[in-house]
């Protein structure tokens, strides 16, 4: 990919997988859309697409920024600090900074979410327990707690 010129758009061929929620078995896929890695170097936000297969969930995690979901298709539940909230196609949610959360697919088709988060590639202050802006508490992502 040529990053010598600032990009404005990407094509499906430019989408990258392997963002922090992606699991090795691919039952949870985390695709990078508006990320520095794709050449769309937004200064205040990033955007991805998360797909979760029926019966699976994203790992429990938290991050130091706001995040919103827009549900493209499927249904599920958003668990935030012990509370459960329904997710349905056409609905949206707001995850506030530093709250532990995950998404569970409760339907019979893949749950597809557009995810927009505040940019996290900034110094993590006052102190953050991992090198990554994500603190993942389960699963097999690169910084999951053992």
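Since every read-out is calculated from the coordinates, none of them should be taken as a lab result. What you see is a predicted model, and the numbers here were worked out from it, not measured in a lab.
Some values worked out for this structure:
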{"item": "For the range 52-91, convex hull volume per residue from C-alpha positions, Å³", "result": "85 Å³"}
{"item": "Three-way shape label, the range 12-136, alpha-carbon gyration tensor, a/c 1.5", "result": "oblate"}
